[in-house]
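The values are calculated or read from the model by the stated rules, or taken from the named source; none is laboratory data. Predicted, not measured: the structure shown is a model, and the values here were computed from it. With ideal geometry, Cβ positions are generated from the backbone for all residues, glycine too; neighbour counts draw on all protein chains shown.
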Amino acid sequence: MRVDASFDTFVEARSTALLRTAYLLTGDRSEAEDLVQTALLRTARHWATACEHPHAYTRQVLVNLSHDRLRRLRRRLRETPLNDRDGAVVEPGPAHTWSAQHSFEDQLTERHSVAAALRQLPVRQRQVVVLRFFDDLSVAQTAAAMGCSLGAVKSHTARALDRLRPLLNDTAPTGDPDKEMSHAVR
């Protein structure tokens, strides 16, 4: 299949962001990589249409693929990995402010905590959080990507943040969901 150079430029510029979105939607790196590859293949096939808004088009394909993946997973037996600790969120250890490495470790632990908390959300709530706060979409853009109403996006967002607060030990709500989620992600 031949696609013009603008597709290659798009892939180079946006593949990391697409992989992050896919990972947050699935909670599994290998599944995320597969979703991104499939989404990019489908985008390439329809490049004449997708080239006007390629990131939005590919994001929509990712959301649709994650829906398909979940339907597939519901139909098969559940597997439980031996190293899974009942989905427990790892808490960071004591602070060592003198170590630059610790700062990196804190960030890594916090990212793993956020990813683990996202995996505990229902699908639609996880999708809303990923699209709104990680992909920085507006309520309207999120509603379009998910194929639902603005009210549904707002409702899912409120419910997701209510579930995430205790999971992320963020019990002091500011009243501003954007600030709350961006604080939890940093």
Result of the Cβ filter at 7 Å on the range 7-23, keeping first residues that are closer than 28 Å to residue 123 by Cβ and without any contact (Cβ under 8 Å) to a residue 40 or more places away in the chain and partners that are part of a helix (DSSP H, G or I) and not aromatic (Phe, Trp, Tyr), at least 6 apart or interchain, is 11/40; 15/36; 19/32; 19/33; 19/36
Mind checking which residues of the range 1-30 are closer than 16 Å to residue 130 by Cβ, out of contact with any Ser or Thr (no Cβ under 9 Å at 6 or more places or on another chain) and not β-branched (Val, Ile, Thr)? 17, 19, 20, 23, 24, 27, 28, 29
Give me the helices (runs of 4 or more DSSP H) completely within the range 117-186, filtered to those with at least 1 residues that are touching a helix residue (DSSP H, G or I) at 6+ places or on another chain (Cβ under 7 Å), under 24 Å from residue 107 (Cβ atoms) and at pLDDT 90 or above, ordered by residue number. 123-129, 150-167
Condition test on residue 114, is it buried (at least 18 other Cβ atoms within 10 Å of the Cβ) and modelled with pLDDT of 90 or more? no
Give me the pairs, please: first residue somewhere in the range 101-112 and under 19 Å from residue 169 (Cβ atoms) and among the basic types (Lys, Arg), second residue anywhere and assigned to a helix (DSSP H, G or I) and modelled with pLDDT under 75, beta-carbon distance under 9 Å, and either six or more positions apart or on two chains. 111/185
Among the listed residues 115, 140, 158, identify the single one that is free of Cβ contacts under 8 Å to residues at least 40 places away in the same chain, closer than 23 Å to residue 65 by Cβ and not polar (S, T, N, Q). 140
